[in-house]
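Comments concern the structure below.
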Amino acid sequence: MSKNIFFKRSDPFLISELFKSNQYEVDNKVFDIKTLSNASSQDISFLDSAKYREFAVSTNALCCLTTQELKKYLPKKCIPIVVKSVLFDLVKVTKKFYPSADLDYPDETLLKSEKSKYPSVKFSNNVLIGSNVEIGNNTTIGSNTIIEHNVSIGSNCVIGSQVVIKNSIIGNRVVVQDGCKIGLKGFGFIPIKGKNIRMPHIGKVILKDGVELGSNCTIDRGSIDDTMIGENTFLDNQVHMAHNVKIGNNCMIAGQVGFAGSSIIGDNVSIGGQAGISGHLKIGNNVKIGGGSGVVKNVKDNSIIMGYPADSLKNFIKDLKKND
């Protein structure tokens, strides 16, 4: 089991303790909550959509939150925990394991005096560094920047001023321009009977080597999974990435593009300014998306699309001519 270095986890629970029931033939201890593809034989996972059946059939999870309709996709070794609302019960279970992950509390370990630990790093004024932070050689940190506990930053990086980085692992040669917010909690909640219940976000942000973020980008950490940006991908100013989004290598994302949660973007993708990508989509490799487009369905490799809802460039031009 991989250790979550950013959030303190509670002790293991019996299945019957998590769900206050004695109906399960096997009442093993559950150590953590993970996605279907990352769960071990000591973890609980969740399946709330048939979209993820390919991960369900091969999961190693001890047990899985799911519905009566979806439990057929789970392997026999995985105990189905049948509930009415998977996401609602997911919130309750995650809060038991990670009781302080539903809000971003200030990092009490931030220290000004720790800069001496990083002799090959250049710090500007008023930089705060949390405990157990790793920063590589020849990295520069701008003024009024906050780097919270357990964050890892590679070598030859440039981190601008007024940046906040938490719950993140950053590679080498990464550039983060002024005002970026990386690894903060995303927009996740379950509306129940007129009350919004916050979803704890226990994932992290991973920025691979050579990534560049323009000014005032916001990159939310993952909820249960991680948010990731691949090697040599560049984001323009004011791009927003929601929880669990994964962008491939060598992508170019123009200003004010927004990615909804859990969408997966392939390699060599170009997206024009102010485009929006809906949640839980798969965008293929070598795709070009025109500025201002609204992408609401999966996109195949090598496609060029534009408009709202986004369609092939050929169809978009046809529709323009019809309206002339």
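The values are calculated or read from the model by the stated rules, or taken from the named source; none is laboratory data. Remember, it's a predicted structure, so these values are computed and weren't measured experimentally. Cβ coordinates were reconstructed from backbone atoms using ideal geometry, including for glycine residues, and neighbour counts include every protein chain displayed.
Can you report the number of residues in segment 166-212 which are part of a strand (DSSP E or B) and in contact with a Lys or Arg (Cβ under 8 Å, 6 or more places away or on another chain)? It would help to see each step written out before you state the result.
First, pick out the residues of segment 166-212 that are part of a strand (DSSP E or B): 168-170, 175-176, 181-184, 189-192, 195-198, 205-207, 212.
From what's left, in contact with a Lys or Arg (Cβ under 8 Å, 6 or more places away or on another chain): 168-169, 182-184, 189, 205.
Number of matching residues: 7.
For residues in segment 197-212 being among the β-branched types (Val, Ile, Thr) and more than 11 Å from the chain's Cα centre (by Cα), which is nearest to VAL151 (Cα to Cα)? Working first, answer last.
If we filter segment 197-212 for residues that are among the β-branched types (Val, Ile, Thr), which is where we start, we get 197, 202, 205-206, 211.
Going one step further and asking which of them are more than 11 Å from the chain's Cα centre (by Cα), we end up with 197, 211.
Working: ILE197: 28, VAL211: 16 Å.
So, considering only residues that are among the β-branched types (Val, Ile, Thr) and more than 11 Å from the chain's Cα centre (by Cα), the one nearest to VAL151 (Cα to Cα) is VAL211.
From the list LYS51, LYS72, LYS95, LYS3, which one is part of a loop (DSSP other than H, G, I, E, B) and either in contact with a helix residue (DSSP H, G or I) (Cβ under 7 Å, 6 or more places away or on another chain) or on the phi < 0 side of the Ramachandran plot (or both)? Show your work before the answer.
On the way: LYS51 fails: part of a loop (DSSP other than H, G, I, E, B); LYS72 fails: part of a loop (DSSP other than H, G, I, E, B); LYS95 fails: part of a loop (DSSP other than H, G, I, E, B).
Answer to the check: LYS3.
Looking at ASN244, ASN250, which is the one that is among the polar types (S, T, N, Q), closer than 26 Å to ARG53 by Cα and modelled with pLDDT of 95 or more? Walk me through it before giving the result.
Numbers: ASN250 fails: closer than 26 Å to ARG53 by Cα.
Answer to the selection: ASN244.
When you go through (1) out of contact with any Phe, Trp or Tyr (no Cβ under 9 Å at 6 or more places or on another chain); (2) farther than 29 Å from ILE283 by Cα; (3) buried (at least 19 other Cβ atoms within 10 Å of the Cβ) one by one for ILE219, which number turns out not to apply?
(2)
Just checking, which of ILE159, ILE192, ILE182, ILE202 is in the same structural domain as THR140 (by TED's automatic domain parsing), touching a residue at least 24 places away in the same chain (Cβ under 8 Å) and closer than 23 Å to VAL257 by Cα? Write out each step before concluding.
Details: ILE159 fails: touching a residue at least 24 places away in the same chain (Cβ under 8 Å); ILE192 fails: closer than 23 Å to VAL257 by Cα; ILE202 fails: closer than 23 Å to VAL257 by Cα.
Result: ILE182 is the single residue among ILE159, ILE192, ILE182, ILE202 that is in the same structural domain as THR140 (by TED's automatic domain parsing), touching a residue at least 24 places away in the same chain (Cβ under 8 Å) and closer than 23 Å to VAL257 by Cα.
Considering segment 110-124 alone, what residues qualify as being loosely packed, with under 14 Cβ neighbours inside 10 Å, at pLDDT 90 or above and part of a loop (DSSP other than H, G, I, E, B)?
Within segment 110-124, SER120 is the sole residue that qualifies.
For SER49, state whether it is surrounded by fewer than 20 Cβ atoms within 10 Å (Cβ to Cβ), of a type in the set (Ser, Thr, Tyr) and within 21 Å of the chain's Cα centre (by Cα).
Numbers: surrounded by fewer than 20 Cβ atoms within 10 Å (Cβ to Cβ): yes; of a type in the set (Ser, Thr, Tyr): yes; within 21 Å of the chain's Cα centre (by Cα): yes.
Yes; evaluated as a whole, the condition is true for this residue.
Could you say which residue among ILE15, ILE5, ILE44, ILE79 is hydrophobic (A, V, I, L, M, F, W, C), more than 21 Å from MET199 (Cα to Cα) and in contact (Cβ under 8 Å) with a residue 40 or more places away in the chain? Break it down stepwise before answering.
On the way: ILE15 fails: more than 21 Å from MET199 (Cα to Cα); ILE5 fails: more than 21 Å from MET199 (Cα to Cα); ILE44 fails: more than 21 Å from MET199 (Cα to Cα).
Within the list ILE15, ILE5, ILE44, ILE79, the selection yields ILE79.
Suppose the filter is touching a helix residue (DSSP H, G or I) at 6+ places or on another chain (Cβ under 6 Å), surrounded by 15 or more Cβ atoms within 10 Å (Cβ to Cβ) and among the β-branched types (Val, Ile, Thr); does ILE253 pass it?
Details: touching a helix residue (DSSP H, G or I) at 6+ places or on another chain (Cβ under 6 Å): no; surrounded by 15 or more Cβ atoms within 10 Å (Cβ to Cβ): yes; among the β-branched types (Val, Ile, Thr): yes.
Answer is no for this residue.
When the residues of segment 134-150 are filtered to those that are in a loop (DSSP other than H, G, I, E, B) and surrounded by 22 or more Cβ atoms within 10 Å (Cβ to Cβ), which remaining residue is farthest from the chain's Cα centre (by Cα)? If you could, list the steps in order and put the result at the bottom.
Narrowing segment 134-150 to residues in a loop (DSSP other than H, G, I, E, B): 136-139, 142-145, 148-150.
From what's left, surrounded by 22 or more Cβ atoms within 10 Å (Cβ to Cβ): 139, 145, 148.
Values: THR139: 25, THR145: 22, GLU148: 18 Å.
Checking each candidate, the answer is THR139.
Take the residues in segment 57-104 that are among the small types (Gly, Ala, Ser) and over 20 Å from the mean Cα position of the chain (by Cα), then tell me which one is surrounded by the fewest Cβ atoms within 10 Å (Cβ to Cβ).
Restricting attention to segment 57-104, the residues satisfying the condition of being among the small types (Gly, Ala, Ser) are 58, 61, 85, 100-101.
Remaining after also requiring over 20 Å from the mean Cα position of the chain (by Cα): 58, 61, 85.
Values: SER58: 9, ALA61: 28, SER85: 13.
By that ranking, first place goes to SER58.
Please go through segment 151-165 and give me each residue that is hydroxyl-bearing (Ser, Thr, Tyr) and in a loop (DSSP other than H, G, I, E, B), ordered by number. First the steps, then the outcome.
Just the residues of segment 151-165 that are hydroxyl-bearing (Ser, Thr, Tyr), to begin with: 152, 155, 161.
Answer for segment 151-165, where residues must be hydroxyl-bearing (Ser, Thr, Tyr) and in a loop (DSSP other than H, G, I, E, B): SER155, SER161.
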